[in-house]
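This report refers to the structure that appears directly beneath it.
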Amino acid sequence: MHSKNELLEKVLSYDKCLFVDESGNEDIRNIGKDNVSHYYIVGAIVIEPKEIDIVEKEFEKIATENFQKEMKSKHIKGDLGKRTRILNELFLVSDYIVHILIVNKKQLSGGFEYPKSFIKNIQLKLYNTFRSQSNNILIITDQIKRQTFNDEFEKYIYKNIDNVLWARREKITVNSKDSYCIQAIDVITGSILRGHEHPSEYEEIVKHIPRNRVAITYFPEQKPKYLFEVGLPESEEFNEEIAEEAFAIAKQYIDKKKDSYEEYDLVQVQCLKRLINEFYLGNVKEWIQSDDLLLYVNKNCSLQKTKDSLRYHIGKMKENGVLIASRYGGGYKLPCCINDLDLFINNLGSKIVPMISRMKKARDIIKMSSKNNLDIVEDKNIYKQLISAYESVKDQELVNNDETD
């Protein structure tokens, strides 16, 4: 067990620190009985060591002003107003991001029935969701069960985290009273648990979870419970079939790339995770601005990408069949209605049509200058067909214009 001063001294030799805590319990045999939760939430505040002292002081101020004892979710209980106010205050503190793994215990069986195996496996899944260019990682957790289990747990983590993922890693335990970052992640995970265990409070709670700061993963993987199971009314702005397909394609793409260590794949996975967050926690109709998306990608990958780079990666994902709508006014989203798909097509068309037009002009110039002896698309049948189709449409437009006049 490390003291507060020992912790602050130790963290400075690492690139990133993960402060980890959980809400709910690991019992999957007695769900619904004796306060056994349906869900188990484990989360991590991810922060650079140089920021920890400042963030700790900000969290300490929130704790002192709102709690007589330690800052914990269980001390808020069912006071929804207090809970959402404290969430707001916690996320006003900058310089950290959060990774959350939401476990639906009702869908688990087998080895997960054993509490120690449950904790080890679930926490390892959370750690494996965090992939960045930072290779030296310090994991800091509240003590779980007895010290003998914590020692056993640390050995399990060292053995099972891939060396390529984190070249240097260490897991230590602290008393939550000595770490306001641990107390803060307790409140965040506890609030997300509260929303899942009390659906009537879900929408109000998630309004105060910023999607550009919090990465959400479900285990077992599932479609967004509060989007497709509860459902939104069909309208011009929402079509469940389109939303579900766009979500499924994005998830499949993430699954294909999620184990990659390549920067190219890290960026694309984080882009899609941010878009998917809107389905999990936000409003599916919301447009995500480039600055927001770029901040999320750079924070989660420890990179310094530009907007041009972001546009490049989004273009590549579209080429690979991922449905991402974009608009002239700025912003991206997974499509959830016909209007979004129209924007998706129109955006592609705004690039394709001028390209064909430029190709046609270049072809005409070369043919004219060579007195029809040289055709630059002669052996490129697909381009000839595109130019022919373009000419046909333009001719039709001229006819229609003449008829209108």
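Here are a few things to note about the model shown:
- The chain shape via C-alpha gyration tensor axes, a/c threshold 1.5: prolate
- Among beta bridges identified by DSSP and lying wholly in the chain, the antiparallel ones come to about 50 percent.
- MRE, 222 nm, helices only [DSSP H, n ≥ 4, -39500 (n - 2.57), over the chain, to nearest 500]: -17500 deg cm²/dmol
- Taking the Cα centre of the chain as origin and assigning +1 to Lys and Arg Cβ atoms and -1 to Asp and Glu Cβ atoms, the resulting dipole is close to 1020 debye.
- Shape class for segment 334-390, computed from the alpha carbon gyration tensor (a ≥ b ≥ c): prolate, with a/c not under 1.5 and a/b above b/c.
- Of the DSSP H helices in the chain, those whose Cα atoms cover at least 27 Å axially and whose Kyte score averages 1.0 or more: none
- Between TYR261, ILE288, PHE344, the Cα set farthest toward the positive side of the dipole of the chain (charges on each charged residue's Cβ, about the Cα centre) is that of TYR261.
- Point-charge dipole on Cβ atoms (K/R +1, D/E -1) for segment 1-48, about Cα centre, debye to 20: 80 debye
- When you count the other C-beta atoms within 10 angstrom of each residue and take the mean per peptide, 142-149, 99-106, 373-380, 123-130 line up highest first as 99-106, 123-130, 142-149, 373-380.
- Partner lysines whose Cα lies under 26 Å from the Cα of LYS155, excluding those fewer than 8 positions away in the same chain, are identified as LYS4, LYS10, LYS16, LYS105, LYS116, LYS120, LYS125, LYS145, LYS171, LYS177, LYS258.
- Note on segment 62-164: with charges restricted to the Cβ of Lys and Arg (+1) and Asp and Glu (-1), its dipole about the Cα centre is near 440 debye.
- Packing, as the average of other Cβ atoms within 10 Å across residues, places the peptides 114-121, 330-337 in the order 330-337, 114-121, highest first.
- Rounded, prolate or oblate (a/c below 1.5 giving rounded, otherwise prolate when a/b exceeds b/c) for segment 9-89 by Cα gyration tensor: oblate
- Local charge for ILE387 was computed over the other residues whose Cβ lies under 12 Å away, with Lys and Arg +1 and Asp and Glu -1, and equals +4.
Bear in mind these aren't lab numbers, they're just calculated from the coordinates by the rules spelled out. Computed from a predicted structure; not experimentally measured. Because the Cβ atoms are built from the backbone with ideal geometry, glycine has one as well, and the counts that use them run over all protein chains shown.
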